[in-house]
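The values are calculated or read from the model by the stated rules, or taken from the named source; none is laboratory data. Keep in mind that this is a model prediction, so the values were computed, not measured. Heads up, the Cβs are rebuilt from the backbone with ideal geometry, glycines too, and the neighbour counts pull from every protein chain shown. When the accessible area is computed, the model is the full protein with side chains, heavy atoms only, and any ligands, DNA or RNA have been set aside. Shrake-Rupley method; radii C 1.70, N 1.55, O 1.52, S 1.80 Å.
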Amino acid sequence: IFVNGAHIGGFDDMVALDWLGRNLSSQEVVGIATEPLQLGREPQPGQDAPIDAGAWVSPLTGLNVAPLRHDMDLGGQAALAELCQRGVRYLYVGGSGRGFDASQLRKQTWSFTARLLLPGAAIFEIVDCNG
C-alpha cells in the first residue's frame, strides 16, 4: 500500500488492521514498533516514529497505541512488566521487516499467544500480566 508515494504496508497489513478493528474493544492498547526519529544527522531524543504499518492502527481502527522501541528485548521479564504496566495487551507486527520479530514472539508461548499470523503481518496477545 502506498500513500503519497510512501510504502506503508501490504495486503497482510490491511488484513491485520481490519482484524484489530473487528476483534478488539476500544479500550485495548496495541503496542507498535518505533525507532528514534532522525531529522538530519542526529536522532531526536524522545521523538520515536512508527516504522511499519502499526502507524495506521490508531487512525484506521480507533484503538489506543503504545509506541515501543522495535529493538526492545521482548523475551525478558522487564519488557513484559513494562508492557503490562503500560496497559499493552496486544503487539502489532507489521510486514516491513523492521518491527518486532514475529518468529521470536512465536517461541515465547508462556508470554505471547499469536492471535493472527500471516506471512507479512501478525497480532500477538500478552498471555498473562499477573505472573
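Which is closer than 20 Å to residue 10 by Cβ, open to solvent by 10 Å² or more (accessible area, probe 1.4 Å) and not in a helix (DSSP H, G or I), of 58, 26, 103, 96? If you could, list the steps in order and put the result at the bottom.
Working: 58 fails: not in a helix (DSSP H, G or I); 26 fails: closer than 20 Å to residue 10 by Cβ; 103 fails: not in a helix (DSSP H, G or I).
Step by step, each of 58, 26, 103, 96 is checked, and only 96 is closer than 20 Å to residue 10 by Cβ, open to solvent by 10 Å² or more (accessible area, probe 1.4 Å) and not in a helix (DSSP H, G or I).
Of all residues in the range 62-79, how many are aliphatic (A, V, I, L, M) and either assigned to a loop (DSSP other than H, G, I, E, B) or open to solvent by 20 Å² or more (accessible area, probe 1.4 Å) (or both)? Talk me through it step by step, then tell me what you get.
Initially, the range 62-79 is screened for residues aliphatic (A, V, I, L, M), giving 63, 65-66, 68, 72, 74, 78-79.
Next, only the ones that are either assigned to a loop (DSSP other than H, G, I, E, B) or open to solvent by 20 Å² or more (accessible area, probe 1.4 Å) (or both) stay: 63, 65, 72, 74, 78.
Residues meeting the conditions: 5.
I'm checking my understanding of the structure. Among residues of the range 51-86 that are among the small types (Gly, Ala, Ser) and under 20 Å from residue 19 (Cα atoms), which one is farthest from the chain's Cα centre (by Cα)? Show your work before the answer.
Narrowing the range 51-86 to residues among the small types (Gly, Ala, Ser): 53-55, 58, 62, 66, 75-76, 78-79, 81.
Subsequent filtering for residues that are under 20 Å from residue 19 (Cα atoms) retains 53-55, 58, 62, 66.
Details: 53: 9, 54: 6, 55: 9, 58: 11, 62: 15, 66: 8 Å.
In this case the residue turns out to be 62.
When you check residue 110 against the structure, is it at pLDDT below 95 and either charged (D, E, K, R) or touching a Pro at 6+ places or on another chain (Cβ under 9 Å) (or both), yes or no? Don't jump to the end; show me each part of the working.
Details: at pLDDT below 95: yes; either charged (D, E, K, R) or touching a Pro at 6+ places or on another chain (Cβ under 9 Å) (or both): no.
No.
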